[in-house]
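What follows is a short report on a single structure.
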Amino acid sequence: MTTPLRSLSTLTAGQAKPDTPVKIAVTGMNFFYGATQALSDISIALNANLVTAFIGPSGCGKSTFLRTLNRMNDIIPGTRVEGTVTIDGKDIYGPGTDVVDLRRRVGMVFQKSNPFPKSIFENVAYGLRINNLATNRGELEGRVEESLKAAAIWDEVKDRLHASALALSGGQQQRLCIARALAIQPEILLMDEPASALDPIATQRIEELIYQLKRDYTIVIVTHNMQQAARVSDATAFFWLGGLVEYGPTETIFTNPAEKLTEDYVTGRFG
Amino acid sequence: MERHVRHFQEELDELKGRLLEMGGLAEDRLRLAVRGLVERDGPLVEKVLVGDAAINQLHIDIDDRCFKLLALHQPMAVDLRAIVAAVKINTDLERVGDLAVNISEAVRRYLQHPPVKELIDIPRMAELAQDMLRDALDAFVRRDPELAQHVLTQDDALDELKTAVFRELLGYMLRDSATIEPALDLILISRHLERIGDHATNVAEDVIFMVSAKDVRHQ
């Protein structure tokens, strides 16, 4: 038997409910790496245009869960998923799902910035080209500029668009990767520890960027930095041993969580 | 690199705005209560007595904001001191609002008697207390430790006026027992005004702590 769907609207009695619709709904998810079960019976609804953070100790399944949301785990041999994941009501594991199209709609940014060994311009233009999203050079340049601006890096790179992306600092590379993800106009942005390899100033810029981006995107971020989750997210889900322990508005999770386990984790008593 | 404003900073500014709003309300209520006394305007005093809800609401709202900012943003250095100061200033301003109510209650009783004397020192005390409160809040907004220091030096004048009011009214009460009741209310009012000065002093001390991290209390 699966647990009922956990959503902000059912968990926030007496508090302001999110006024955005559910974007992603997961029910009864089990996930296996071979014989090892990594996720047990996860049911959760994520709202559009909010930042939702997944927190929990290493190995709790939060990254695995993030990667189920654009079927990134498909590329790992021996993995198996049970349950359903719907985006805008449509099951992404159902037959007829075009995984390439899914990943265009659900972009991803990783822990370690991974720009292509190409120019700054080409990094952002690449996805536009292979998806035929620009019909001519002028449009391509416009979309590249727009994406770099949205990722708050335009001012730093506009005079050297054709320099190698690998010459940028770590924080700039990460923002370039965000620009690259934004260029193909996804609806959802998954971020797996996007700032964990960055210094505090670069981290702050990424966090501020995340805050700005939620106007246009639904953002899901995995972080083992609890303070970061507190700063950037609207909703927080706490994972432990492959299960979803608690999910609610971030301020509740960090000021008055319902579960003892969550309280012990956010107060640093374990984890 | 373009200046990039953190949304935390916006929330901090919003918090300061709320505190100022609260300070303004407390100051208004004090002014009305004392005007009611000087002009013997009963209905005006009644207005002060019923109008505490806005301040009480802000009291809760400001504490809630501080709590969330501390919990969610882990502020450091001057930001941390600003929020701790805001929590304390919030309490002081709420007390000023309560004292305005206490003054109004005393004025209401006082107005049931003929005037004991022409009021000179009490309006002066009220003006001084309002100045101190306004200066303390200005110092908070402008992060101005000198203005805050100026507030601290004014507190002695207020204390002296309170003592003078007491001595003078004691004389009236000794001469004419019919004045005891209204004179006691005037003494109470002067005591409330002196307490408002103490709260303004607390606010000024918190401002100095916020700006320079120096604790100047109890010196």
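The values are calculated or read from the model by the stated rules, or taken from the named source; none is laboratory data. Everything numeric here is computed off the predicted structure, so don't read it as measured data. With ideal geometry, Cβ positions are generated from the backbone for all residues, glycine too; neighbour counts draw on all protein chains shown. Accessible surface areas use protein heavy atoms only, side chains included; no ligands, DNA or RNA. Shrake-Rupley method; radii C 1.70, N 1.55, O 1.52, S 1.80 Å.
In the range B:2-212, taking the dipole from charged Cβ atoms about the Cα centre, the farthest positive-side position among B:LEU188, B:LEU147, B:ALA157 is held by B:LEU188. Would you list which lysines come within 17 Å of A:LYS118, measuring only between C-alpha atoms, while excluding same-chain residues fewer than 8 positions from it? Those lysines meeting the cut-off are A:LYS158. Determine, at each q value in 0.07, 0.12, 0.15, 0.17 (inverse angstroms), the log₁₀ of I(q)/I(0) that the Debye formula gives when each Cα of chain A is one equal point scatterer. Each listed q corresponds, in turn, to -0.25, -0.73, -1.12, -1.37. Only DSSP H runs of four or more residues enter the estimate; each adds -39500 (n - 2.57), and after division by the residues of the protein assembly as shown the mean residue ellipticity at 222 nm equals -18500 deg cm²/dmol. With charges set only on the Cβ (+1 for Lys and Arg, -1 for Asp and Glu), what does the dipole of the range B:2-212 come to about its Cα centre, in debye to the nearest 20? That gives the range B:2-212 a dipole magnitude of about 220 debye. Annotation: amide H-H contacts under 5 Å for A:ALA38 (H modelled 1.01 Å from N, sequence separation of 5 or more, or interchain): A:PHE31, A:PHE32, A:TYR33. Sequence-distant contacts, meaning Cα pairs under 8 Å at least 6 residues apart, place the relative contact order of chain A at 26 percent.
For the range B:42-121, the square roots a ≥ b ≥ c of the C-alpha gyration tensor eigenvalues yield an a/c of 1.5 or more together with a/b exceeding b/c, which makes the shape prolate. Inter-chain Cβ neighbour count for A:226-232, averaged per residue, equals 3 (cutoff 10 Å, partner chain atoms only). Across the range B:141-149, computed HN-Hα scalar couplings (Karplus, 6.51 cos²θ - 1.76 cosθ + 1.60, θ = phi - 60°) run 5, 8, 6, 10, x, 5, 5, 4, 4 Hz from first to last residue, x flagging Gly and Pro. Subtracting the Cα-Cα distance of B:LYS88 and B:VAL50 from their residue separation scaled by 0.36 nm leaves 11.2 nm. Once the Cα atoms are used to define both axes, helix A:120-130 deviates from the longest principal axis of chain A by about 70 degrees.
Counting only C-alpha contacts under 8 Å and six or more residues apart, can you give the relative contact order of the range B:2-212 as a whole percent? That works out to 28 percent. Heavy atoms of the protein chains alone define the surface here; on that basis the range B:2-212 has 45 Å² accessible area per residue at 1.4 Å probe size. Quick one: in the protein assembly as shown, what % of C-alpha pairs are over 43 Å apart? Here the tail beyond 43 Å accounts for 37 percent of pairs. Accessible area per residue (1.4 Å probe, heavy atoms of protein chains only) ranks B:THR153, A:THR20 as B:THR153, A:THR20, with the largest value leading. Computed over protein heavy atoms with a 1.4 angstrom probe, the accessible surface ordering of A:PHE32, B:PHE166, largest first, is B:PHE166, A:PHE32. Scanning chain A for trypsin sites (Lys or Arg not before Pro) that sit in a DSSP loop and have at most 16 other Cβ atoms within 10 Å, the longest stretch containing none of them is A:1-111. Computed from point charges on the beta carbon alone (+1 for Lys and Arg, -1 for Asp and Glu), the dipole magnitude for the protein assembly as shown about its Cα centre is near 1760 Debye. At the listed q of 0.11 Å⁻¹, the Debye profile of the range B:2-212, built from one uniform point per Cα, gives log10 I(q)/I(0) equal to -0.55.
Seen against the Cα atoms of chain B and their longest principal axis, helix B:7-38 is set at about 10 degrees. Cross-link pairs exceeding 25 Å in C-alpha to C-alpha distance, out of B:LYS88/B:LYS214; A:LYS260/B:LYS16; B:LYS16/B:LYS214; A:LYS112/A:LYS214; A:LYS62/A:LYS149, comprise A:LYS260/B:LYS16; A:LYS62/A:LYS149.
Charge dipole of chain A (Cα centre as origin; +1 on each Lys and Arg Cβ, -1 on each Asp and Glu Cβ, all else neutral): 380 debye, rounded to the nearest 20. Would you mind checking the tilt of helix B:180-212 against the longest principal axis of the Cα atoms of chain B, expressed as 0 to 90 degrees and rounded to 10? Orientation of helix B:180-212: about 20 degrees from the principal axis. Within the listed set A:SER119, A:SER233, A:SER169, the Gaussian network model of chain A (springs between alpha-carbon atoms below 10 Å) gives the highest mean-square fluctuation for A:SER169. Taking 7 Å steps out from each Cα toward its Cβ at A:TYR126 and B:ARG109 produces label points 8.1 nm apart. In summary, the aspartates and glutamates within cross-link reach of A:LYS90, defined as a Cα separation below 15 angstrom excluding same-chain residues under 8 places away, comprise A:ASP98, A:ASP101, A:GLU187. Inter-chain Cβ neighbour count for B:65-73, averaged per residue, equals 3 (cutoff 10 Å, partner chain atoms only).
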